[in-house]
Protein chains: 2
Amino acid sequence: MPLLPSDSVKQVAIVGGTHGNEWTGIYLVKKFEQFPHLIQRSTVNSLPLLANPRAILMNRRYIDRDLNRCFAAEDLTNPDLTGYENQRAKAISTQLLSEQSPPIDLIIDLHSTTANMGLSILVSGEHPFNLKLSAYLSQMYPAVRVCRGIQWGEVSPTLRSLVPLGFAIEVGAIAQGMLDAALFQQTEQLIYTILDYLEAWNQNARPTIPEQLTLFQAITAVDYPRDATGELQAMIHPDLQFQDYQPLRLGDPMFLTFSGETITYNGSATVFPIFINEAAYYEKGIAMILTEKQQIPID
Amino acid sequence: MPLLPSDSVKQVAIVGGTHGNEWTGIYLVKKFEQFPHLIQRSTVNSLPLLANPRAILMNRRYIDRDLNRCFAAEDLTNPDLTGYENQRAKAISTQLLSEQSPPIDLIIDLHSTTANMGLSILVSGEHPFNLKLSAYLSQMYPAVRVCRGIQWGEVSPTLRSLVPLGFAIEVGAIAQGMLDAALFQQTEQLIYTILDYLEAWNQNARPTIPEQLTLFQAITAVDYPRDATGELQAMIHPDLQFQDYQPLRLGDPMFLTFSGETITYNGSATVFPIFINEAAYYEKGIAMILTEKQQIPID
């Protein structure tokens, strides 16, 4: 079985503003729109795309609902879903898959987070090409970490899941509605490295890939302690704040209640929390996502 | 001339959620509503107040306009101003000044910022009581810094300017719509220290005050480089990011353009920038506020 549906990765979508208040991706895409040569390679054509223009204008994550949960196949064909983000999802799907010739092979979806995720690559699915590329990037940049969400399977509602190849890049910690120049430049460099990799791949100049990839595999999401009405009862414990990707062991502090009591982690397995204190996840009932640190062999 | 209009400071308003997405103050006020004894002293009655309930519900800074710019005297009596925040400003003014008996003597308005302001006290006006209390707090907590905005004079539109005594507390760096437990606890402690000071003051047990106060006096606001349409052309330079209250000298990096060029500070006087990269100030055209570091004698 060939690793790719076609021999090469010719069309790449570089998406920013899927969430309208995550400026790193938005301003990178604006830069690429202004200087398109930066994201072209001899064998790779890149399409910069601002996914949620109305949310960007309002500097809000979304207008009606989270756009990055609107791409499930059955939702894209459901005429009853008429919210702004549902319309955008349908339009983006058409644009990337039907209107481009050839259609998009790979999607890079640029996000930022208030969690201390550094430079994170979120792969979806199990496509070996994604894992290979992730392994390459984490070898090139020791600061890059690779994680994989709880598997959605065939019904993934994320933008990046429109095609088998691609991932989200999450950078942080950074507040919404602002730019951090250091993280901006690191993300930009990472994108160029990805495009260079694709160019080399297309030209059969395959770069050396490490034999293993350290993958943080999501196991479960943990919510904040809340009362019966859903009101918050605690905060992320200061010892855990900004400690994304660090081990959390039985008895380690996890939350601090407003009255000053520490709530500890009571699992027997050591886990590695990520997305700790992501502001947009309070409304989703997620204080952090616990991951398992795995070593994945790369063919 | 007596230092205070009355002999003592009997009524204090502790305000959170003047900006609906600044959670530190909001959850502190909710805590004080639940445990009122925490903010009562034998001679001091404290009123906890959530200033902008609708914006809090929406997790937005404001609904129609910045509430903390709605308190100018002529706006409070202008019947043509009917936006939500104008209505709230009128209601708060009535509540604090007319409905309380005795009326509020001192206002503590709790804010947070994405700038690295640590624990900052923003005094308005020149009332010696405010400066004395600020000097006491910065002596008690070396991390506390005191700054004063460009003087509004008689037409100050801020909530805290409803009465001569009081200030805003700004804590950061913290993203909007989230809690940082360490900053939460430090802010809480600072409030208790203020109330203890007022209690001692009322009982004529005047604490020792340093003879001088280090005051960061705002001189001017600086906007981001923008093009003719107002579009951002640069970010805060990485060397300046999070460097609030540090000296900025002629030739020091200030901005980094999206194409990677450094823009330096070209003033001859050494200044001390604050509110560097406050997310809510992009729309106000403020990248940072330059201050002058002053030593103010305290009587």
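The values are calculated or read from the model by the stated rules, or taken from the named source; none is laboratory data. Owing to the predicted nature of the structure, the values given are computational and were not obtained by experimental measurement. Backbone-built Cβ (ideal geometry, glycine too); neighbour counts: all protein chains shown.
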> Could you say whether any residue in segment B:169-182 is in a helix (DSSP H, G or I), free of Cβ contacts under 8 Å to residues at least 24 places away in the same chain and either within 14 Å of chain A (Cβ to nearest Cβ) or crowded, with 22+ Cβ neighbours inside 10 Å (or both)?
Replying inline: yes
> Counting only residues that are out of contact with any Ser or Thr (no Cβ under 7 Å at 6 or more places or on another chain) and surrounded by 21 or more Cβ atoms within 10 Å (Cβ to Cβ), which one in segment B:57-76 is nearest to the other protein chains (Cβ to nearest Cβ)?
Replying inline: B:R61
>> Pairs please, first residue from segment B:15-41 and under 21 Å from B:Q176 (Cα atoms), second anywhere and assigned to a helix (DSSP H, G or I) and of a type in the set (S, T, Y), Cβ atoms under 7 Å, 6+ apart in sequence or on different chains.
In response: B:T24/B:T187; B:L28/B:T187
> If we scan segment B:231-251, do we find a residue that is within 27 Å of the chain's Cα centre (by Cα), farther than 30 Å from B:Y141 by Cβ, aromatic (F, W, Y) and within 12 Å of another protein chain (Cβ to nearest Cβ)?
Replying inline: no
>> Looking at segment B:279-292, I want the residues that are in the same structural domain as B:G230 (by TED's automatic domain parsing) and of a type in the set (K, R) and have a partner that is crowded, with 20+ Cβ neighbours inside 10 Å and not in a strand (DSSP E or B) with Cβ atoms under 6 Å, at least 6 apart or on another chain. Which pairs are those?
In response: none
> How many of the residues in segment B:162-218 are closer than 30 Å to A:Y282 by Cβ and hydrophobic (A, V, I, L, M, F, W, C)?
Replying inline: 17
> Just a yes or no: is a residue in segment B:117-128 hydroxyl-bearing (S, T, Y), away from every other protein chain (no Cβ under 14 Å), over 30 Å from A:Y62 (Cα atoms) and assigned to a loop (DSSP other than H, G, I, E, B)?
Replying inline: yes
> Can you name the residue in segment A:92-116 that is in a helix (DSSP H, G or I) and without any contact (Cβ under 8 Å) to a residue 40 or more places away in the chain and, of all such residues, is surrounded by the most Cβ atoms within 10 Å (Cβ to Cβ)?
Replying inline: A:T94
>> Only one of B:A89, B:A135 is farther than 24 Å from B:E199 by Cα, away from chain A (no Cβ under 14 Å), modelled with pLDDT of 95 or more and in a helix (DSSP H, G or I). Can you tell me which?
In response: B:A89
